[in-house]
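Following: one structure in structure tokens, then a few remarks.
The values are calculated or read from the model by the stated rules, or taken from the named source; none is laboratory data. What you see is a predicted model, and the numbers here were worked out from it, not measured in a lab. Don't worry about glycine lacking a Cβ; one is built from the backbone with ideal geometry, like all the others, and counts go over all protein chains shown. Just so you know, the surface numbers come from the protein's heavy atoms only, side chains and all, with ligands and any DNA or RNA stripped out. Shrake-Rupley method; radii C 1.70, N 1.55, O 1.52, S 1.80 Å.
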Amino acid sequence: MTDPLLSVRDLKVSFQMDEGLVRAVDGTSFDLLPGQVLGVVGESGCGKSVTMRAILQLIDRPGRITAGEIRFRRRDSAEMTDLTRLAPRGAEMRDIRGAEIALIPQEPMAAFSPVHTVGDQIVEAILLHGHRWQEGGRKLTRTQARTITIGLFRDVGISMPEQRIDAYSWQLSGGLRQRAMIAMALSCKPSLLIADEPTTAIDVTTQAQVLALLRDLQAKYDTAIIFITHDLGVIAQMASYVVVMYLGRVMEEGPVDDIFHAPKHPYTRALLRSIPSLYGATRIALPVIAGTLPHPFNRPPGCPFHPRCPDAMPRCSAAVPSLQSVAANQLASCFLHHDIAEPA
Ligand code: SF4
């Protein structure tokens, strides 16, 4: 069995607001293997983006990690480092962020400075973490870093890279900006890429191209990817393993094939029913998940999904089901499949 690259255990992140406490992540656990593509799926507000910001130690006040561990295997280290123990703005966390764990955000426009060319910003990142590209211990020159950047532009499918390297982010189309962002994320050869809904801000045709590109790059660089999305169709194309989240908790997880062919949790089943079928009748309205996501200050007691669950039983509103093995490779938090509740 391969050791994980990342192991998140019982992670809790809360936001203390004037109106009350929001438990954005409420006991999330999962593992990620080296080179694996993990899909994290759920409706907006389910805690998936907050979980990823916690991994990067980028939780803004009034948010705070209140419990749990985020253990990450650093390059060239036999031991795992608990990222929750590092100062978010300290030197070690800054080195990990960008050089070992990189983020592809939803909106790349905000990630690039408008006053420097896109190429200059990537060249600076390569020079900062230049040891990843060095051969024979010699310091990289700016010219070498520029040549590497042109090569990365080519890898991510940017045509005329020698000219586009001198463009500003606002001169590029949405699709080209997202490709440049992927080049920026790869510029330090990270062992983990976090892609947070990376195709939300681009048109449908470009979306398909960016997903195909990420698949190719993952195979080429053998980088592990956590792919955050609300779209199970994207997960089917991209990931080998999927974690389904709802109200800050993991509802179900397992290999993509098992989850798609034999989902155990009522929430996963409802998400799957709401994906359009290529072969079904085109005029039938897709079923939507009954009810609405509870207000963050009004979290239901017991199983968080019970107010919307078609299979809810009296017990479901009284106790929180824990995440347990329910099939050979699947875990689910649901009393339909086991009796084990979280400790009160
Ligand atoms: Fe539905 Fe109960 Fe399972 Fe929650 S524990 S998903 S309410 S059956």
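If r is the Cβ-Cβ distance from Arg154 to His230 and R0 is 35 Å, what FRET efficiency results, to the nearest 0.05?
0.65
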Rg ratio (alpha-carbon, reference 2.2 N^0.38 Å) - the chain = 1.04
With a/c under 1.5 counting as rounded, go ahead and sort segment 42-117 into rounded, prolate or oblate using the C-alpha gyration tensor (a ≥ b ≥ c being the square roots of the eigenvalues; past the cut-off, prolate if a/b is larger than b/c, else oblate).
-> oblate
Amide H of Thr81: which non-local residues (sequence gap of 5 or more, or other chain) have their own amide H closer than 5 Å, using H built in the peptide plane?
-> Phe72, Arg73, Arg74
Consider a paramagnetic label point 7 Å from the Cα of Ala67 along Cα→Cβ; state which residues of segment 12-35 have an amide N under 20 Å from it.
-> 12-17, 20-31
Which ³J(HN,Hα) values in Hz, rounded to whole numbers, follow from the phi angles of segment 313-326 under the Karplus curve 6.51 cos²θ - 1.76 cosθ + 1.60, where θ = phi - 60° and Gly and Pro get x?
-> 10, x, 4, 5, 8, 9, 9, 9, x, 8, 7, 10, 5, 10
Find the accessible area per residue for the chain; the probe is 1.4 Å, ligands and nucleic acids are left out, and the unit is Å².
-> 48
Arranged from highest to lowest average of other beta-carbon atoms within 10 Å per residue, in what order do the peptides 225-233, 209-217 appear?
-> 225-233, 209-217
Gain on full stretching of the segment that runs from Lys189 to Arg85 - 0.36 nm per residue minus C-alpha separation = 35.0 nm
For the charge dipole of the chain, defined by +1 on Lys and Arg C-beta atoms and -1 on Asp and Glu C-beta atoms about the Cα centroid, which residue among Ile182, Ser7, Tyr241 has the Cα displaced farthest towards the positive pole?
-> Ile182
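Write down the percent of antiparallel bridges among all DSSP beta bridges whose residues are both part of the chain, to the nearest 5.
Rounded to the nearest five, the antiparallel share is 65 percent.
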Centre separation in Å (Cα based) which lies between segment 208-266 and segment 17-79 | 16
Just subtract the alpha-carbon distance of Ala219 and Ser173 from 0.36 nm times their residue separation and send over the number in nm, one decimal.
-> 13.9 nm
Amide H partners (placed H, <5 Å) of Asp26, local residues excluded = Val13, Arg249
Between Ser77 and His295, what length comes free when the chain is fully extended (0.36 nm per residue of separation minus the Cα-Cα distance, one decimal in nm)?
-> 74.2 nm
Note down the relative contact order for the chain as a percent, whole number, built from C-alpha pairs under 8 angstrom at least six residues apart.
-> 19
Rank these by accessible area, largest first, 1.4 Å probe: Thr292, Thr117.
-> Thr292, Thr117
With R₀ set to 51 angstrom, the calculated FRET efficiency between the beta-carbons of Asp339 and Gln163, to the nearest 0.05, is 0.20
Of the accessible area of segment 1-159, with the probe set at 1.4 angstrom, what percent is carbon plus sulfur?
-> 49
At least 27 Å along the helix axis (C-alpha) and Kyte average at least 0.5, DSSP helices within the chain = none
Rel. contact order, % - alpha carbon contacts under 8 angstrom, at least six apart, segment 1-65 | 36
Structure-based [θ]222 nm, the chain - -39500 (n - 2.57) summed over DSSP H runs of at least 4, per residue, nearest 500 = -8500 deg cm²/dmol
